[in-house]
Amino acid sequence: MSTKSQIGSVAVVCDVGSAAAAAMQAFLRAEAIEDALWYAPREVDEVDRAVQAGTVGRVIFPRPADLLTPLWNHELALDDWWARGVQVDFVEPPEPAPVALLQTVAHHWSEWRRHHRRRQALAGVLLSAVALAAAFLLNWAAG
Amino acid sequence: MNRRRRSSPPASREPSDTVRALGLLLLIPFALWLSQTVLLWRARLPWRARLNARDLPRGLKRINRVVTGVVFAAVLLAYPLLRGLSPATYYARFFPLGARPRELALGAGAAIVYLSLLYLAWVLSDNVRFRVRHDAARLVRRLLAAPVAALVIALTEEALFRGILLAELLESWDPRVSVVVGIVVFASAHYVRSAKRYWTFPGHLVLATLFCLAFVFTRALWLPIGLHAGGVLVLLAVRPFVRYTGPAWLVGASIFSYAGAAGLTGLGLLIVNLWLRFGGPT
């Protein structure tokens, strides 16, 4: 799951203090990468901007799920990354077989949708209540 | 708080007027079914018991729409004539002048405020998404047609269900019974044609409650038409853009955003607004 390009720096999307950080550092040593830029997962939109600006040419994630979550959240434009020839690596890569890869994506998509649905419904209920209260007050004031 | 006066009672009425009103209403689905059957026969398609003309060729579908309009107009004109009144005389009592036409703007504004704020909340919480789904020409056509369609739909349905049916029931029956019958008939009428979804029925019941109470509170059609037209206008205007991504139990679907929990609550609050504004039945 990578295309070869060495334009720009290497970005790492991983929390420095997380359990995955040690494995990430081992991966960087094995790849002889010494000057990677570390981004926390919540800063993935900055990675996307750096990729779009051409300053990052390789991005490393701990697991495929760490890429898929921001992808479903529209925080990165993976199509643009492919078009720019950005190299994407995982410390724990998925099984190479296409079916296993598809299962990983499908499983993650379902998990993400379940989680997103809960947040979406909760936010919808709260904001609907605010909107209805505002509409009620506006109409009351107009009367 | 602003209490409205009841309009003057009709010039003449007989006990059979209720039967006439209900009979004319029942005539509508029969006439539409008859026209559908003829058009299906013309298109060499099998006849069907339900009202469902979706698979008619485009030209015949247009004829079907015209026939629908003619049937509604015929009933609206026939009822006053059957009562020995000119249509102008009959309907004029539901459109009192002076400051009363302002109720039209008030109703439309109230419906637009509720729906707009709800859609804003749903966009912010990612429960609906807006994007252009049609080519520019079709989009412009739809947007230009929306205000006209909203007004025609509101005028026709309010004149029929409030101006004829509910007004007639209120003169003959107990007001509570009249309102309940008016609500059930209006909501059920939206399912005489074969519908894609039936879970929206409670939404239609509460919507009917809003329109019926607006009529009972004011004894005029300005307010119900304003509410109806304002709501339809927003729903038709957002239709070419909106995609519902949130749960249907909360935000509804298609043009039925009032059928979800938030919409139903909004309709309930709007009824309270009207109660506070018009002080209940006069």
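The values are calculated or read from the model by the stated rules, or taken from the named source; none is laboratory data. These figures come from a predicted structure and were not determined experimentally. A quick note on method: Cβ atoms are made from the backbone with ideal geometry, for glycine too, and the neighbour counts reach across all protein chains shown.
Which of the helices (runs of 4 or more DSSP H) found entirely inside the range A:31-121 contain at least 3 residues meeting this: of a type outside the set (Ser, Thr, Tyr) and closer than 27 Å to A:GLY17 by Cβ?
Details: elements: A:44-53, A:64-72, A:78-83.
Correct list: A:44-53, A:64-72.
Could you run through the range B:219-247 and say how many residues are more than 13 Å from chain A (Cβ to nearest Cβ), of a type outside the set (Lys, Arg) and not in a strand (DSSP E or B)? Even if it seems obvious, please write down each step before you answer.
Looking only at the range B:219-247, we keep the residues that are more than 13 Å from chain A (Cβ to nearest Cβ), and these are B:219-222, B:224-225, B:228-229, B:232-233, B:235-243.
Applying the additional criterion that residues be of a type outside the set (Lys, Arg) yields B:220-222, B:224-225, B:228-229, B:232-233, B:235-238, B:240-242.
With the extra rule that they be not in a strand (DSSP E or B), the set shrinks to B:220-222, B:224-225, B:228-229, B:232-233, B:235-238, B:240-241.
Selection size over the range B:219-247: 15.
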Worksheet, complete the sentence: Inside the range B:80-109, the number of residues satisfying the requirement of being free of Cβ contacts under 8 Å to residues at least 24 places away in the same chain, at negative phi and not in a helix (DSSP H, G or I) is 3
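Please work out if B:GLY203 is crowded, with 17+ Cβ neighbours inside 10 Å and among the small types (Gly, Ala, Ser).
Values: crowded, with 17+ Cβ neighbours inside 10 Å: yes; among the small types (Gly, Ala, Ser): yes.
Answer is yes for this residue.
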Worksheet, complete the sentence: For the range B:248-273, pairs from a residue that is facing another protein chain (nearest Cβ under 7 Å) to a residue that is not in a helix (DSSP H, G or I), with Cβ under 6 Å and 6 or more apart or across chains, are B:LEU250/B:GLY260; B:VAL251/B:ASN127; B:VAL251/B:TYR244; B:VAL251/B:GLY260
Worksheet item: Counting only residues that are assigned to a helix (DSSP H, G or I) and either over 13 Å from B:ARG239 (Cβ atoms) or in contact with a Ser or Thr (Cβ under 9 Å, 6 or more places away or on another chain) (or both), how many does the range B:128-154 have?
Response: 10
Discussion item. With in the same structural domain as B:ARG138 (by TED's automatic domain parsing) and either over 16 Å from the mean Cα position of the chain (by Cα) or over 25 Å from B:GLY163 (Cβ atoms) (or both) as the only criterion, which of B:ALA248, B:ALA214 stands out?
Written reply: B:ALA248
Fill in: Close pairs from the range A:109-125: first more than 10 Å from chain B (Cβ to nearest Cβ), partner buried (at least 16 other Cβ atoms within 10 Å of the Cβ) and of a type in the set (Val, Ile, Thr), Cβ under 7 Å, at least 6 apart
A:TRP112/A:THR69
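Among the residues of the range B:141-156, count how many are within 11 Å of B:PRO224 (Cα to Cα) and modelled with pLDDT under 95.
Residues of the range B:141-156 within 11 Å of B:PRO224 (Cα to Cα): B:154-155.
Within this subset, residues satisfying the condition of being modelled with pLDDT under 95 are none.
Adding up the residues that qualify gives 0.
Could you say whether any residue in the range B:174-192 is in contact with a strand residue (DSSP E or B) (Cβ under 8 Å, 6 or more places away or on another chain) and in contact (Cβ under 8 Å) with a residue 40 or more places away in the chain?
Narrowing the range B:174-192 to residues in contact with a strand residue (DSSP E or B) (Cβ under 8 Å, 6 or more places away or on another chain): B:192.
Those still in the list that are in contact (Cβ under 8 Å) with a residue 40 or more places away in the chain too: B:192.
Looking for residues that are in contact with a strand residue (DSSP E or B) (Cβ under 8 Å, 6 or more places away or on another chain) and in contact (Cβ under 8 Å) with a residue 40 or more places away in the chain, one finds at least one in the range B:174-192, hence yes.
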Worksheet entry | The listed residue being over 14 Å from the mean Cα position of the chain (by Cα), surrounded by fewer than 18 Cβ atoms within 10 Å (Cβ to Cβ) and β-branched (Val, Ile, Thr), out of B:VAL184, B:VAL152, B:VAL177 | B:VAL177
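Rundown of residues vs (1) outside any helix (DSSP H, G or I); (2) more than 14 Å from chain A (Cβ to nearest Cβ); (3) free of Cβ contacts under 8 Å to residues at least 60 places away in the same chain; (4) not hydrophobic (A, V, I, L, M, F, W, C), yes/no style:
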position: B:LEU76; (1), (2), (3), (4): no, yes, no, no
position: B:ALA111; (1), (2), (3), (4): no, no, no, no
position: B:VAL123; (1), (2), (3), (4): no, no, yes, no
position: B:ASP126; (1), (2), (3), (4): yes, no, no, yes
Practice prompt. All but one of (1) touching a residue at least 60 places away in the same chain (Cβ under 8 Å); (2) within 14 Å of chain A (Cβ to nearest Cβ) hold for B:GLY163, so report the exception by its number.
Written response: (2)
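Can you tell which of A:VAL51, A:VAL13, A:VAL44, A:VAL86 is over 14 Å from the mean Cα position of the chain (by Cα) and aliphatic (A, V, I, L, M)?
Numbers: A:VAL51 fails: over 14 Å from the mean Cα position of the chain (by Cα); A:VAL13 fails: over 14 Å from the mean Cα position of the chain (by Cα); A:VAL44 fails: over 14 Å from the mean Cα position of the chain (by Cα).
Of the residues listed, the single one that is over 14 Å from the mean Cα position of the chain (by Cα) and aliphatic (A, V, I, L, M) is A:VAL86.
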